[in-house]
1. Looking at the square roots a ≥ b ≥ c of the eigenvalues of the Cα gyration tensor of region 97-236, which shape do they give, rounded for a/c under 1.5, prolate if a/b is larger than b/c, or oblate?
2. Choose one of S210, C7, F54: the residue whose Cα lies farthest towards the positive end of the charge dipole of the chain (beta-carbon charges +1 Lys, Arg; -1 Asp, Glu; about the Cα centre).
3. When you count, for each residue, the other Cβ atoms within 10 Å and take the mean per peptide, how do 75-88, 29-42, 3-16 rank with the highest first?
4. Tally up the carbon and sulfur contribution to the accessible surface of the chain as a whole percent, 1.4 Å probe, everything protein left in place.
5. Using a simple charge model, +1 on the beta-carbon of Lys and Arg, -1 on the beta-carbon of Asp and Glu, nothing else, what dipole does region 1-124 show about its Cα centre, in debye to the nearest 20?
6. Can you run phi through the Karplus equation (6.51, -1.76, 1.60; θ = phi - 60°) for region 24-36 and list ³J(HN,Hα) in whole Hz, with x for Gly and Pro?
7. Add -39500 (n - 2.57) for each DSSP H run of 4 or more in the chain, then divide by its residues: what number comes out at 222 nm, to the nearest 500 deg cm²/dmol?
8. Would you work out which of G191, H32, A72 lies farthest towards the positive end of the dipole of the chain? Charges go on Cβ: Lys and Arg +1, Asp and Glu -1.
Amino acid sequence: MDRTLICIGGGELRAKETLKIDGYIAAKAKEHAGDRRAYGLFIPTASHDSMPYFNSFRKTYTSVYDIKADVALTVYGEMSLDRIREKFEKADFLYIGGGDTLFMIDHWKKTGMLSLIREAYERGVIVCGLSAGAICWFETMYTDSAQMQTGEVYALYPGLNWVKGTISPHYDSRVLDFNQKIVYTNQDAIGLEDNSAIEIVNETIVRSLSAGGNAYFLHHENGVVQASIIQPRLIL
């Protein structure tokens, strides 16, 4: 089975700003489900298990796309890992919400969630995410998660290293800072604007998705960053 990631740069799920991208995900989930009703599992670890966030997910994926929506809660000990494992076994796709990226990765490692996510990914469950849920898979990620500890608003941190490269979400609002950072560190990178996404199959980017935003490859020479839209680009 192919391993698939869909990484969304940002946008408000509650306000349905990413609805066209959600529709693309829903169609892939239904294809994965076949004759069954598709099942989506929301993982809100980065938002410390925000239930309003899950309700926004359910209102989109159940009300609009008739997908069974469920949630995996781990932060406050509401659910045992065995119960969560049962949810993973039914899932056609996972959706990882935004929030505190560093907390999310650390918590997944401590609780065993990361192993469940990896196992699902390896057996062909579609793994999707927005902001924190988009960048955590990469070798290096640009995040403000550690602002309280470091004083830096945004900084580069190691991700899970499932996919090679450096990435920033919300690139449209971070472009100058991120460009400066990658020049300083001598790295090329990916910038995902809000309402854009990239689809990655077997750790290779196969297309970008635009619902108003763009996804860019960022290359620099002599201190100047050149941005090129990731192709093929699917306008939703």
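1. Details: a/c = 1.79, a/b = 1.16, b/c = 1.55.
Judged from the Cα gyration tensor, region 97-236 comes out oblate (a/c at least 1.5, b/c at or above a/b).
2. The residue sitting farthest along the positive end of the dipole is F54.
3. Numbers: 75-88: 13.7, 29-42: 17.4, 3-16: 21.1.
Order by mean packing, descending: 3-16, 29-42, 75-88.
4. Numbers: 5010 of 10440 Å².
The value for the chain is 48 percent carbon and sulfur by accessible area.
5. Working: 19 positive and 18 negative charges, 36 e Å.
Value, rounded to 20: 180 debye.
6. 5, 5, 4, 5, 5, 5, 5, 5, 5, 6, x, 7, 7
7. Numbers: 8 runs with 80 residues, N = 236.
Mean residue ellipticity, 222 nm, calculated: -10000 deg cm²/dmol.
8. Going by the charge dipole, the pick is H32.
The values are calculated or read from the model by the stated rules, or taken from the named source; none is laboratory data. Keep in mind the model is a prediction, meaning the values are calculated, not measured. In this analysis, Cβ positions are derived from the backbone assuming ideal geometry, glycine residues included, and neighbour counts consider all displayed protein chains. To get the accessible areas, we keep the full protein, side chains included, count just its heavy atoms, and leave off ligands, DNA and RNA. Shrake-Rupley method; radii C 1.70, N 1.55, O 1.52, S 1.80 Å.
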